[in-house]
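The values are calculated or read from the model by the stated rules, or taken from the named source; none is laboratory data. Quick caveat: nothing in here was measured; it's all calculated off a predicted structure. Here the Cβ is made from the backbone with ideal geometry for all residues, glycine too, and neighbour counts use every protein chain on show. For the accessible areas, the whole protein counts, side chains as well, though only heavy atoms, and no ligand, DNA or RNA atoms are used. Shrake-Rupley method; radii C 1.70, N 1.55, O 1.52, S 1.80 Å.
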Amino acid sequence: MILSELLPSEMPELEAFFRSLSLPMPAENLAQFCLPRVSGTRLKVVTLVMRDEGRIVGTVGWIDVALRVNDQRGLPLSGQNETLRWPVNLYLLPESRGKGLGKQLMEATRQGAALRAVIGGNAASMPVLDRTGWQVIGHLSSVRWRRPCLDPSRLRERLGPIDRRPPPERVTVRTAHHAITARRVERALGWLPWAAVESPGAPFEAGPPRDAHDIEFAFGHALRRYHTLHEVTVNGVVAGFFALAARAERSPWLTTEVMDLDAVPGRETQVIRAARATALSCADVARFRFGGARFARALASMGMGGRFTVDHPLRVSFDPARAIDGPHLRQVDSWRLTYGDHDQYRVRSSSIPWVTSQAVPPSGVAR
């Protein structure tokens, strides 16, 4: 068996491997998660293939992202802005299973990684994680809000999994103290206050800081058909962002998923309110998956605003072999995570494209 990094020129061979497994691997997902490349300064995509006499019999890949760890004061720890590795796409041919090859593939993702983490998994990967000492640090919980969307123009969209029109370009929510505006944008560029090094977080918080490179990687290029990106301001000041995806599930209900969300510390509640209002402007059900103390506190302060469920919980596991900074990283509340982390920036069987007029590369919204 020979294990090597996939070259871009070998992508057609990898596509044939996935077809032999009858895996629904849309072209957008291949371009997003398998095509080797570097995006920005800290984001890297790598795919490994295992060959037997030249034929691909297994594969695994990873995405390297920046990791920020904050101390008990909420300030970044000196020297602790490391790399977090998300292993993805662990697959073997049926005749190659049960021989320890899956363990070899997963162990190959360890080299050069300060910390590895996995959200969810599949039938092939989760037993490997269990056998090799990965620790479960919690689950992504799900908040689901329900409110009928009474817009009569949405009637046609209830009749089947067809293209959905995107949310409004602007949604405003007013509270006693704040004017909250969510504005649909094409790109996030420049200075993002929630990603700044000096931006404090929650005590003992860890997670991938969202910056312009992360957002462009997740919600740009081929996947722009499936996600809308929204910038949130509170009293006219940039406070965060979120992204939405339309879903075909639970027909005849219109469902929209909050794919990702981040906020200036202290503005989580307002950003979540903006995401909820925008999602329910074009859907009957809005769902947001999260893990971590910051989001839990914000949702509790909102009274949830609807039925709270733990819906299809996704387990979060991490490899403790090279834990960066002590036992607090083993606590789920220490991780600021959403459905947008790991490999959730992909087209699902329930994904529905938004009907947009974005036929040319976006010019961007600079900050």
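Observations on the model:
- Cut-off 11 Å between beta-carbons: net charge of the residues surrounding residue 235, Lys and Arg +1, Asp and Glu -1: +2
- Distance between the range 111-143 and the range 23-62 - C-alpha centres, whole angstrom: 19 Å
- Proximal charge balance of residue 182 [Cβ under 11 Å; K/R count +1, D/E count -1]: +3
- Within the accessible area of the chain (1.4 Å probe), percent carbon and sulfur: 54 percent
- The stretch between residue 156 and residue 126 holds 6.8 nm of extra length on full extension. This uses 0.36 nm per residue minus the Cα-Cα distance.
- Stokes-Einstein diffusion coefficient of the range 20-172, Kirkwood radius over Cα pairs, 10 °C, 1.306 mPa s, in µm²/s: 83 µm²/s
- Taking every protein chain into account, the accessible area of the chain amounts to 43 square angstrom per residue (probe 1.4 Å).
- A Cα-only calculation for the range 123-194 places Rg and Dmax at 20.6, 53 Å.
- Bins of 10 Å, starting at 0 and running to the largest distance - Cα pair percent for the range 189-258: 16, 40, 31, 12, 1
- Kirkwood hydrodynamic radius (C-alpha pairs) into Stokes-Einstein, the chain, 20 °C and 1.002 mPa s, D in µm²/s: 101 µm²/s
- The chain, dipole about Cα centre (Lys/Arg Cβ +1, Asp/Glu Cβ -1), debye to the nearest 20: 1080 debye
- Residues whose amide H falls under 5 Å from that of residue 347, counting only those 5 or more places apart or on a different chain, are 29, with hydrogens built in the peptide plane.
- Along the range 133-149 the Karplus relation, 6.51 cos²θ - 1.76 cosθ + 1.60 evaluated at θ = phi - 60°, assigns HN-Hα couplings of x, 5, 10, 7, 9, x, 9, 6, 7, 10, 9, 10, 9, 10, 7, x, 8 Hz to successive residues, with x for each Gly and Pro.
- Computed E for residue 111/residue 222 - FRET, C-beta separation, R0 41 angstrom, nearest 0.05: 0.90
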